[in-house]
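The values are calculated or read from the model by the stated rules, or taken from the named source; none is laboratory data. All values derive from a computational prediction rather than experimental measurement. Neighbour counts are summed over all protein chains in view; Cβ atoms, including those assigned to glycine, are modelled from backbone coordinates with ideal geometry. The protein model used for the area step is the full one, side chains on, heavy atoms only, and it has no ligands, DNA or RNA in it. Shrake-Rupley method; radii C 1.70, N 1.55, O 1.52, S 1.80 Å.
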Amino acid sequence: MTEYSVKDSVAIIQLDNPPVNALGSKVRSGIDKYIKEADRDSSVKAVVVCGKRGNFCAGADIKEFDGGKKGPWITDIGDYFDKMKKPVVAAIEGVALGGGLELALFCHYRIAVKSARVGQPEVAIGLIPGGGGTIRLPKAAGLKNALEIITTGNHVSAEKAHKMGIIDQIVSGNIIEEGIKFAKSKVHLDTSIVCLRNKHVKVDGDVDKVAEAAMAKVKSKYRGAMAPIYCVKSVMNSVRVPYQKGIELEHEYFQDLRSSSQSKAMRYAFFAERAITKWQLPSGGNYRTAKPLPVKTAGVIGAGTMGGGIALCLITSGIPCVLVEQNKEFLDKGMEAVKMQLMGTVRLGKMAENQAKQCMAILKPTVNFEDLKNVDLVIEAVFEDLKLKRDIFERLDKMCKPETILCTNTSTLDIDSIATATKRQEKVVGTHFFAPSYIMKLLENIYGTKTSAETVATVMKLGKTIRKVPVLVGSCTGFVANRMLGPYSQEAKYCVEEGASPSNVDNTLMDFGMPMGTFQVSDLSGVDVGFRIRREAARKAGETLTTKSRFFMGERNCSLIEALVEKGRLGKKVGKGWYKYDGPRGKPVVDPEVTQLIEEHCRSLGLERRTIGSQEILERMQYAMINEGFKILEEGLCTMPEEIDIIWIYGFSWPKYMGGPMYYASQIGLKKIYEKICYFHKTFPYSAHWVPSSLLAKLSKNDVPFNKWGQAVQGSKL
Ligand code: COA
C-alpha cells in the first residue's frame, strides 16, 4: 500500500494502491508511519513522496466515503509534515488529484513532469476538498485561481500549475531521481519559510466582492447543487479566519456533504460512468475479450449541423477526417460552420490558434463519395430517411475497403434495417450523437443483430478518444434515450391540456434541477421538428393528424403541436413557439396568445381544465419515463440501470446530484413508484406508456435493492 526506502540519504515514500494510488486508510496509515520513521532516522536528510505506476495519487478512495472515518486523516498527517525540519518533496507524475494534491500541498516543495495534471475534482462528486485543500491551495495559487480550480473541479496542466505557484519546478527524466536531486538541494534551507500554513493568500481585489462574484457564479452555473456553494464558503475561509479554524470548518462542511443525498448520488454516478465501460453483447462478446480496431482516419457523410459537429469531434481529437456533402454549396456552408465553431473555441481560450489551424488541416471537405474508400470508419449523418440511409450504406459497402466500419448516426431507425443493405452486417453499428454534437457528451452506440464485438469495441474506444461518454444499447425504435424521452414529453403536453401551463411544467423541471424545461427545449430545436416527425408517423400509419385528433395510432393524443404550427409558432428561430422571444438571444417569455390558444384548443375539444401541482407534473413525466426504463431493462436493451442513468445525465442533462432516473427511482422506493404507475394506468387508460413494466412489478414486490437489479434483470431474461 505504501513503500519505504532510503537512497542517498533521502527517504522515499512511495504510494502503491492500484490502479490509481487512491489514498485509502491503509495508504494514509503507511504515510503516517513512514514520515515519522524518516524524521527519526538521523541518516535521512530529506524525504520524497511519490507514487507507483506513473501516477502520484488520484485522491481519497471514494469507496471509503460510505463508511466511517478510518485511520489518520490527511490533515493529521499534514500537520506532522508542517513541523518537519527535513524538506519533504512531492514528486508528481500522472495525476495529483483531490487528496493527492492536498498531500502534495502539505509537502514543502512540489516538482512535476510536464505531462502531469493536478486538480481538486471533489466538487464533481458533491464534496469539497476535505484534506486542507480549500485553505492551502489559495496560499499556493492565490484566491482567484483556487476558487476556479476548486469550484470547477477542472484538471490543471503541470505547466499552468507551475505558473500559478502550485508546482515549484517542472522536471524531465525519472521522477524519483529528480525528486532526490531536488530534495538534496533544499536540505540546508529553513522549511518553515515554504510551509504553506505560514503563507499569506494573494487576493486580487476586495475580498467581499470576490466572494460575492464567486458565489453568484456557482449559483447560476450549478443551479441546485450544494457542493460548489460550500467550496466558495470554505475557500473564502482561507482569508477570513485563522488557519486552524479554516481547517476545522472545512472538515465540518466536508462531513455534512459526505452524508448528503447529493454527494451519494454523485458518487454513484462516478462509479456508474465506469461500470458502463464494462459492456457485453447478448452474443457473449464483451469489453474484456474484444479488441478495438485502430481508427487512424475517418469519414463523415453530411456536413449539416450534426455531421459538421461530428467531424469537429474527430479532428479536434487528432483523427483526420473526410467530410462529404452532396454539393459544393452545402459543403461550403458546413465548412464555414465548422470554422466558426473552432474560432469560438479559440476565443474562449480553450484552444490555441495554431491548434485550430492544425485541426482544419486534417479535415478534407469533398463532394466526391469515392474519397471515403480508404478510411477506417465512416459515420453517416444524413437526415432520418431509411431509404436514403440504405442507399448510402449499399454504396459504402461496395466502395470501402473490407475492414472499414460503417456507422449510422440515426436517432430512431432500427440498425438491422440499415445493416441489411450491406454484405458486412458485422461491421455496421449505430453511433447516435446528441445535438449539438460537438458539445453534448453522450454517444449512444447501438448494436444490431449481427454487429461484431470487435466493431462495438472500436466505437466504444472511439467514443472515449473523441471525449464522449459512450454507452452501448440494443436496437429498438428511439433506442434508449429517445424511447424514454417519448412518454416524458407526452405527459408534459397532457398536463398542459389538462390545466397546467408550459411555464408551470418548465419551472417545475428546472426547480428539480434540469437546465431547461421541455417546452423551452422544443422551442429551441423547433416545434416544426416534432410536427414533421408526427406527420411522417401518421403517413406511415395511414392516419390523418389534425388539431382535433384525440387519438393517434390507438393512443391518447395531444395536438397542441399541430395548433402551434398552424399559427406559425415554429419555435425560437421565428421568435415564437410555446413562448415568445425578443430576438435570437432572447429569453423565453410567457405569451398570452399561447395561453389563449391552449384554452381555445381545450374548449373546442370539450376538455375540462383543472389546477395541476408540480408534484403531479413531476410524477407523471418522470414515472412514465422510469416505467419505460424498466421495460428497456426487461427487454435486455440495457444490461444495467447505470447505462440508463448515464444516458440521461449526459444526453439530457439530468442533474448528476439526483443520480439519474433509475437511481432516483430507487431513492423514492419502487413500491411507491409502482403503485403510482398502476394508478396512472387506471386513470389514463389510453396511454400505453402507463402499462406497468413487469420487471418493475417484480422488483418492487420483492423489495430488491438497487445494487441487485442487474442480477434481477439477468434473471428476468431467462
Ligand atoms: N477512489 C476509488 N477508485 C478510484 C478513484 C478514487 N479516487 N479514482 C479512480 N478510481 C478507480 C475507478 O473507479 C476505476 O475502477 P475500475 O477499473 O474498477 O472501473 C479505476 O480507478 C480507473 O479509473 P478510470 O477513471 O477508469 O481511469 P482513467 O485513466 O480514465 O482516469 C483518473 C483516471 C484518476 C483521472 C480518474 O479516475 C479520476 O478522475 N478519479 C477521481 C479523482 C477524484 O475525484 N479524486 C478526489 C476524490 S475525493
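Residue check: Thr404 meets all listed conditions (1) at positive phi; (2) open to solvent by less than 20 Å² (accessible area, probe 1.4 Å) but one, namely (1).
Within the stretch 41-52, if we keep just the residues that are open to solvent by 30 Å² or more (accessible area, probe 1.4 Å) and touching a residue at least 12 places away in the same chain (Cβ under 8 Å), the residue that is farthest from the ligand (Cβ to nearest atom) turns out to be Ser43. For the stretch 550-569, a tally of residues being aliphatic (A, V, I, L, M) and over 35 Å from the mean Cα position of the chain (by Cα) returns 2. Scanning for something within 12 Å of the ligand (Cβ to nearest atom), in a loop (DSSP other than H, G, I, E, B) and buried (at least 24 other Cβ atoms within 10 Å of the Cβ), does the stretch 2-17 turn up at least one residue? The answer is no; no qualifying residue exists. The set of residues in the stretch 252-300 that are open to solvent by 10 Å² or more (accessible area, probe 1.4 Å) and hydroxyl-bearing (Ser, Thr, Tyr) comprises Tyr253, Ser259, Ser260, Ser261, Tyr268, Thr277, Ser283, Tyr287, Thr289, Thr297. Screening Val187 on (1) surrounded by 21 or more Cβ atoms within 10 Å (Cβ to Cβ); (2) not in a helix (DSSP H, G or I) shows it passes everything except condition (1).
Okay, residues lined up against (1) assigned to a helix (DSSP H, G or I); (2) within 14 Å of the ligand (Cβ to nearest atom):
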residue	(1), (2)
His200	no, no
Glu212	yes, no
Lys217	yes, no
Lys233	yes, no
Gln255	yes, yes
Phe270	yes, yes
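Of the residues contained in the stretch 21-40, one or more are found to be open to solvent by 30 Å² or more (accessible area, probe 1.4 Å) and within 16 Å of the ligand (Cβ to nearest atom). Say whether the condition of being farther than 27 Å from Gly24 by Cβ, of a type in the set (Lys, Arg) and in contact with a helix residue (DSSP H, G or I) (Cβ under 8 Å, 6 or more places away or on another chain) is met by at least one residue in the stretch 151-168. Within the stretch 151-168, none of the residues are farther than 27 Å from Gly24 by Cβ, of a type in the set (Lys, Arg) and in contact with a helix residue (DSSP H, G or I) (Cβ under 8 Å, 6 or more places away or on another chain). Criterion first (open to solvent by 10 Å² or more (accessible area, probe 1.4 Å) and within 27 Å of Leu189 (Cα to Cα)) does Val113 satisfy it? Taking the combined requirement at face value, the residue satisfies it. Set side by side, the residues Asp206, Asp168 differ, and just one is more than 33 Å from the chain's Cα centre (by Cα) and assigned by TED's automatic domain parsing to the domain that holds Gly54, which is Asp206. The residue that is farthest from Thr420 (Cα to Cα), counting only those in the stretch 446-476 that are open to solvent by 30 Å² or more (accessible area, probe 1.4 Å) and under 24 Å from the mean Cα position of the chain (by Cα), is Arg467. Is at least one residue of the stretch 117-136 touching a residue at least 12 places away in the same chain (Cβ under 8 Å), over 14 Å from Cys50 (Cβ atoms), away from the ligand (no atom under 14 Å from the Cβ) and surrounded by fewer than 23 Cβ atoms within 10 Å (Cβ to Cβ)? No. Looking at the stretch 53-82 only, could you name the residues that are of a type in the set (D, E, K, R) and either touching a helix residue (DSSP H, G or I) at 6+ places or on another chain (Cβ under 9 Å) or crowded, with 23+ Cβ neighbours inside 10 Å (or both)? Scanning the stretch 53-82 gives Asp61, Lys63, Glu64, Asp66, Lys69, Lys70, Asp76, Asp79, Asp82. If you go through the stretch 96-110 and keep only what is closer than 18 Å to Gly24 by Cα and open to solvent by 10 Å² or more (accessible area, probe 1.4 Å), you end up with just Leu97.
Of all residues being of a type in the set (Lys, Arg) and farther than 17 Å from Asp32 by Cβ in the stretch 53-111, which is nearest to the ligand (Cβ to nearest atom)? Just the residue, please.
Residue satisfying both the conditions and the ranking: Lys63.
The residues of the stretch 236-251 that are open to solvent by less than 50 Å² (accessible area, probe 1.4 Å) and over 23 Å from Pro121 (Cα atoms) amount to a single one, Val241. For beta carbons closer than 9 Å, sequence separation of 6+ or different chains, a first residue in the stretch 58-71 that is over 21 Å from Glu93 (Cα atoms) and among the small types (Gly, Ala, Ser) and a second that is at pLDDT 90 or above and more than 6 Å from the ligand (Cβ to nearest atom), the qualifying pairs are Gly71/Gly24; Gly71/Ser25; Gly71/Lys26; Gly71/Val27; Gly71/Arg28; Gly71/Ser29; Gly71/Asp32.
Within the stretch 581-597, can one find any residue that is of a type in the set (Phe, Trp, Tyr), within 25 Å of Ser687 (Cα to Cα) and open to solvent by less than 80 Å² (accessible area, probe 1.4 Å)? No, every residue in the stretch 581-597 fails to be of a type in the set (Phe, Trp, Tyr), within 25 Å of Ser687 (Cα to Cα) and open to solvent by less than 80 Å² (accessible area, probe 1.4 Å).
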